[in-house]
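S.K.: This structure is in C-alpha cells; I'll ask about it shortly.
Nothing in this text is a laboratory measurement; each read-out follows from the coordinates by a stated rule. Just so you know, these numbers come straight off a predicted model, no measurement behind them. Cβ placement follows ideal geometry from the backbone for every residue including glycine, while neighbour counts extend to all protein chains displayed.
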Amino acid sequence: MIPKNEYAPYYAMYIKPIEKNGKSIIENLKDSQTQFDELFRILPIDKQNYAYAEGKWTTKELIQHIIDTERVFCYRALCFARNDKTPLPGFDQDLFVSYDNANDRNFIDLLDEMQTLRNSTIQLYKSFTEEALQRIGNASGNDMSVRALGFLFSGHQLHHLKVYKERYL
C-alpha cells in the first residue's frame, strides 16, 4: 500500500482503486490502456465530437485531457525520480482544453497519440529503480511520490472511462 504521505488526499479517488487490485504499476498501465482502446477504437463517428451536456467536454477533448495530464505528470515523475527538489507548478486543465484544438483533430490520431504516450510512460517506469519510485517531489503545493504517480496514470484514465460510459454512451 502506498502511504498517504505520498500523495494529496484528492488523488486517492484515482490511486486507491488501482492499488487494491494488487497489480504492478506496469501491469496497470497496460491494462488501463487496453480498456481505453477497447472502448474508443470502436466508437461510432457521431460520438467523437459529442458532449453529454452544454459546457462539458467532447469525447475528443476528454481524450486530449487524458493525454495532456499524463504528459504533465510524466514530467513530474521524471523530475522527482531524478531527485529534483524544485517545486513544480500546477496546470489548469480547463485552460489546456480551451487551447487544445482537439475537436479539429483526427480521432484515430488522438487514439494513436495516447497509445504512443502510454508506451513511453511504460518505458519510463521500467527505467525507475525501487529507490527512485519512492522519491517524493512537490507539485501544485502537494507532495507526491513517483510511485503514486505511476498508479495515478491508470486510475485517472479508468476514472474517465467510467464517467464516459455513464454519461456519454
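S.K.: Specify, per residue and in Å³, the volume enclosed by the convex hull of the alpha carbon atoms belonging to the stretch 14-161.
M.R.: Values: hull volume 16.4 nm³, N = 148.
Taking only Cα atoms, the stretch 14-161 has a hull volume of 111 Å³ per residue.
S.K.: Sticking with this one: With each label point set 7 Å from Cα along the Cα-Cβ vector, what nm distance links Gln123 and Met13?
M.R.: The modelled label-to-label distance comes out at 3.3 nm.
S.K.: If you take the beta carbon distance between Phe91 and Asp31 as r and set R0 to 25 Å, what does 1/(1 + (r/R0)^6) give as a FRET efficiency, to the nearest 0.05?
M.R.: On the way: r = 26 Å, r/R0 = 1.04.
The value I calculate is 0.45.
S.K.: For Tyr52, put the label point 7 Å out on the Cα→Cβ axis and report which residues of the stretch 132-169 keep their amide N under 13 Å from it.
M.R.: Only 159-169 pass the distance filter.
S.K.: Projecting each Cα onto the charge dipole of the stretch 1-160 (Lys/Arg +1, Asp/Glu -1 at the beta carbon, about the Cα centre), which of Asn106, Tyr50, Pro3 comes out farthest on the positive side?
M.R.: Pro3
S.K.: Looking at this model, which pairs from Lys30/Lys126; Lys47/Lys165; Lys4/Lys30 are more than 23 angstrom apart at the alpha-carbon? Don't skip to the end; give the middle numbers.
M.R.: Values: Lys30/Lys126 12 Å; Lys47/Lys165 12 Å; Lys4/Lys30 25 Å.
Checking Cα-Cα distances, Lys4/Lys30 exceed 23 Å.
S.K.: Follow-up question, since we're still on this one. Please go through the stretch 45-117 and write out the chymotrypsin sites (Phe, Trp or Tyr not before Pro) that DSSP classes as loop and that have at most 12 other C-beta atoms within 10 Å.
M.R.: On the way: sites: Tyr50, Tyr52, Trp57, Phe73, Tyr75, Phe80, Phe91, Phe96, Tyr99, Phe107; in loops: Tyr50, Tyr52, Trp57, Phe91, Tyr99.
When the chymotrypsin sites (Phe, Trp or Tyr not before Pro) of the stretch 45-117 are filtered for loop state and at most 12 Cβ neighbours within 10 Å, Tyr99 remain.
S.K.: Please express the Cα-Cα pair-distance distribution P(r) of the stretch 100-148 as a list of whole percents, one per 10 Å bin, running from 0 to the bin with the greatest distance.
M.R.: 22, 30, 29, 18, 0
S.K.: OK, next. Charges at C-beta only: +1 for Lys and Arg, -1 for Asp and Glu. How large is the resulting dipole of the chain about its Cα centre, in Debye rounded to 20? Mind dumping the intermediate values first?
M.R.: On the way: 21 positive and 23 negative charges, 98 e Å.
For this selection, approximately 480 debye.
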